[in-house]
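The values are calculated or read from the model by the stated rules, or taken from the named source; none is laboratory data. Please read all numbers here as calculations on a predicted model, not as lab measurements. Cβ: placed from backbone, ideal geometry, glycine included. Neighbour counts: every protein chain shown. Only protein heavy atoms, including side chains, enter the accessible area calculation; ligands, DNA and RNA are left aside. Shrake-Rupley method; radii C 1.70, N 1.55, O 1.52, S 1.80 Å.
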Amino acid sequence: MRQTELHLSEGDRAVVEEIRSKGLRHSREVNRAHVLSCLDRGIPEAQILAVLGIGRTSLWRTRSAYLQGGVELAVFDVARSGRPAQYDTDAQARVMALACSSPPAGKQRWTIVELERAARLEPGLSNVSRETVRRMLKKTISSPGGG
């Protein structure tokens, strides 16, 4: 198999070395930086695969991404689209405030069902589900009535 040569620019080499040497980074980013550094130094692909414990596809994709868009595209994960959050932090804060308030009359503590009902009376939360309320509380490591 013939290895495609890859030569990093001085600026790219500095970025790669910084990623490899310091800071808390995702292991994928560090591995990709190692791949670029090894390819730049002419280390055979088989040796890179064996030492880093990565697959051939990962090496090829890293090289290809560098040739297409430089270090940023090759090393760092591209932001993925996703469904935007339905409820903003203000809505979450209102649910949290409800959970921290006094429970309904005749009850010792809030339950998720009661929180859901109370939250639906808040403006902008008329369609909030029980699961959404549970997730909002989980995000802040709270439990209803755990006060």
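What the table below lists for this structure:
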quantity	calculated
Pair list, Cβ under 9 Å, 6 or more apart: the range 59-74 residue among the acidic types (Asp, Glu), other residue surrounded by fewer than 19 Cβ atoms within 10 Å (Cβ to Cβ)	Glu72/Val15
Scan of the range 8-24 for residues that are touching a helix residue (DSSP H, G or I) at 6+ places or on another chain (Cβ under 6 Å) and open to solvent by 70 Å² or more (accessible area, probe 1.4 Å), ordered by number	Arg20
In the range 115-133, the residues that are free of Cβ contacts under 8 Å to residues at least 12 places away in the same chain and not small (Gly, Ala, Ser)	Arg117, Arg120, Leu121, Pro123, Asn127, Glu131
Residue that is farthest from the chain's Cα centre (by Cα), among those in the range 14-47 that are among the small types (Gly, Ala, Ser) and part of a loop (DSSP other than H, G, I, E, B)	Gly42
Selection from the range 27-56 of residues that are within 14 Å of Glu72 (Cα to Cα), surrounded by fewer than 17 Cβ atoms within 10 Å (Cβ to Cβ) and either modelled with pLDDT under 90 or among the basic types (Lys, Arg) (or both)	Arg28
Hey, Ala105 of a type in the set (A, V, I, L, M), assigned to a helix (DSSP H, G or I) and either under 30 Å from Arg130 (Cβ atoms) or in contact with a Phe, Trp or Tyr (Cβ under 8 Å, 6 or more places away or on another chain) (or both) or not	no
Filtered residues of the range 48-66 (kept if β-branched (Val, Ile, Thr) and within 22 Å of the chain's Cα centre (by Cα))	Ile54, Thr62
Options Leu67, Leu59, Leu115, Leu73: the member that is more than 30 Å from Leu8 (Cα to Cα), of a type outside the set (Val, Ile, Thr) and either exposed (fewer than 11 other Cβ atoms within 10 Å of the Cβ) or modelled with pLDDT of 90 or more (or both)	Leu115
